[in-house]
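S.K.: My questions all concern the structure below.
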Amino acid sequence: MDETTAYLTGLRLSGRRVVVVGGGTVAQRRVPALIAAGAEVVVVSPEVTPAIEGLVGAGEVTLHERVFVPADLDGAWYVVTATDDARVNELVSRAAEERRVFCVRSDDPARSTALTPATGSAAGMTVAVLSGREPRRSAAIRDEIVDRLRTGVIDAPARVRPAGGVTLVGGGPGDPDLISLAGRRALMAADVVVADRLAPRALLGELSDDVELVDVAKLPRGRSAQQEEINRLIVDRALAGLRVVRFKGGDSFVFGRGYEEVLACREAGVPVSVVPGLTSSVAVPAIAGIPVTHRHVAHEFSIVSGHLPPGHSESLTDWSALARLRGTLVLMMAVENAPAIAAALIEGGRSASTPVAFVCDGTMPAERTVLSTLGELAHDIVAQQVRPPAIVVVGEVVAVAHPGRYAARPG
Ligand code: SAH
């Protein structure tokens, strides 16, 4: 059969018997979609892969652990034959033909009465691509379409455009590839984007010209005045019926003041939703090759803001408690106060030889890691010209990642 003459359809298989002959990797790839469609899946094969065995154990498929007999197709609505023996496949497809049941022959699409398209779902749509002889090409085209649906580059026209409201989108640490699919979608559907300085700039270039872009860095100075201005702006635009995306670096709720915006929206009766982001506190060390935990080395990590120095009257951080912990400390907004923080940690009991890494401009072209210790960092920050934005990682995990640098330490 020529695939161009195939009649593409969607089968409702819920509660209907589907027989899969063969228990190898090809069968393994077909079975989950059949289960997902609610089919009553029966596998006939003397041997099956561990994955299929798992599905049998979980009661999701029935297994007949033997060779195929034509009577296996009695009562079946659909058949897939995926053995590596062409004679068996031929036997199955003949038995199916006799019973007028459609049969997919994985080894020979040309002799199949049914063809499995490459499928995928996104944005409430299911896409099926069929090219019979070129499965890789159909899979690639499927991927392209699904990707564009997901990211909102093409939109499903029947979908109701979301009404006005505010979406807080965490953009990740800076590399445009590190935003979530949901974040990208929200961004592409926005009428107004209110962006922070640390939000991934590269993504803003993809917005269409009619999208209003508000750069928060250009709003009047003074942190709390600025926040009030942002709250007012997002609420006003949303009340005017526009879809507002509040776009930030990392995650909106990790030192991002995101919840203040949620409260402002709620107070004004504006619908607000949140798309989490990859926080730079974890993602930036990871990209720089430093794990925040490691077996036998660190069983906890604490993420701490260093925007106030130890002893500051408004500080909520117990630095002496942090000094007594043995795990990893991840400091954000801490470059300026790092020397004072290091002194407090040493005073609280951490060794001056504790490894420290500054990862500056993480995931950006200018990314740079400066290695130091608690005892030496005050000097190294000046000597190496460490500047924000930087993630400061304090703890033995830094030495796990850079054993050579810390080999000659006492103790
Ligand atoms: N909400 C953000 C953090 C905002 S506070 C998040 O979850 O990542 C700003 C601090 O984040 C900076 O001072 C710096 O410590 C850190 N930071 C954000 N992006 C960074 C990056 N690309 N490289 C290094 N540090 C970064």
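Derivation of every value follows stated rules applied to the coordinates shown; laboratory data play no part. Remember, predicted model here, so these are calculated numbers, not experimental data. Reconstructed Cβ throughout: ideal geometry from the backbone, glycine too, with neighbour counts over all protein chains shown.
S.K.: Summing -39500 (n - 2.57) over the DSSP H runs of n ≥ 4 in the chain and dividing by its residue number, what mean residue ellipticity at 222 nm do you reach, to the nearest 500 deg cm²/dmol?
M.R.: Computed mean residue ellipticity for the chain: -9000 deg cm²/dmol.
S.K.: Which FRET efficiency value, to the nearest 0.05, do you get for Leu8 and Arg295 by plugging their Cβ-Cβ distance into 1/(1 + (r/R0)^6) with R0 = 35 Å?
M.R.: 0.10
S.K.: Could you tell me which of rounded, prolate or oblate describes the stretch 10-73, using a ≥ b ≥ c as the square roots of the eigenvalues of the alpha-carbon gyration tensor, with rounded for a/c under 1.5 and, failing that, prolate when a/b is larger than b/c and oblate otherwise?
M.R.: oblate
S.K.: Sorted from fewest to most neighbouring beta carbons within 10 Å, what does the list Val397, Val297 look like?
M.R.: With the fewest neighbours first, Val397, Val297 line up as Val297, Val397.
S.K.: When the chain is modelled as a GNM with alpha-carbon springs shorter than 10 Å, which of Val69, Val330, Val129 fluctuates the most?
M.R.: The residue with the greatest mean-square fluctuation here is Val69.
S.K.: Which residue, Val284, Val274, Val44, has the most motion in a Gaussian network model of the chain that connects Cα atoms within less than 10 Å?
M.R.: Of Val284, Val274, Val44, the most mobile in the Gaussian network model is Val44.
S.K.: Could I ask something else about it? Can you give me the long-range amide H partners of Arg243? Hydrogens built in the peptide plane at 1.01 Å from N, cutoff under 5 Å, separation of 5 or more residues or another chain.
M.R.: Sorted by chain and number, the residues that satisfy this are Gly165, Asp191, Val192.
S.K.: Could you line up Ser14, Ser131, Ser313, Ser280 from fewest to most neighbouring Cβ atoms inside 10 Å?
M.R.: Going from least to most buried by this count: Ser313, Ser14, Ser131, Ser280.
S.K.: With each label point set 7 Å from Cα along the Cα-Cβ vector, what nm distance links His312 and Val69?
M.R.: Distance between label points: 8.0 nm.
S.K.: Ok, one more. Dipole of the chain, Cα-centred, from +1 at each Lys and Arg C-beta and -1 at each Asp and Glu C-beta, to the nearest 20 debye?
M.R.: Roughly 160 debye for the chain.
S.K.: Would you work out which of Ala264, Val194, Ala401 lies farthest towards the positive end of the dipole of the chain, given +1 charges on the beta-carbon of Lys and Arg and -1 on that of Asp and Glu, about the Cα centre?
M.R.: Ala264
S.K.: Then there's this: What ranking do Val127, Val304 get, fewest neighbouring Cβ atoms within 10 angstrom at the top?
M.R.: Sorted ascending by nearby Cβ count, the order is Val127, Val304.
S.K.: What spacing in nm lies between the two simple spin-label points modelled at Thr49 and Asp84, each 7 Å away from Cα in the Cβ direction?
M.R.: 1.2 nm
S.K.: Restricting to the chain, compute how many DSSP beta bridges are antiparallel as a %, nearest 5.
M.R.: Antiparallel bridges: around 35 percent, rounded to the nearest 5.
S.K.: Using a 10 angstrom cutoff on alpha carbons, build the Gaussian network for the chain and name the most mobile of Thr126, Thr363, Thr167.
M.R.: Fluctuation is largest for Thr126.
S.K.: How large is the translational diffusion coefficient of the stretch 14-116 in µm² per second when you combine the Kirkwood radius over alpha carbon pairs with Stokes-Einstein at 37 °C and 0.692 mPa s?
M.R.: 250 µm²/s
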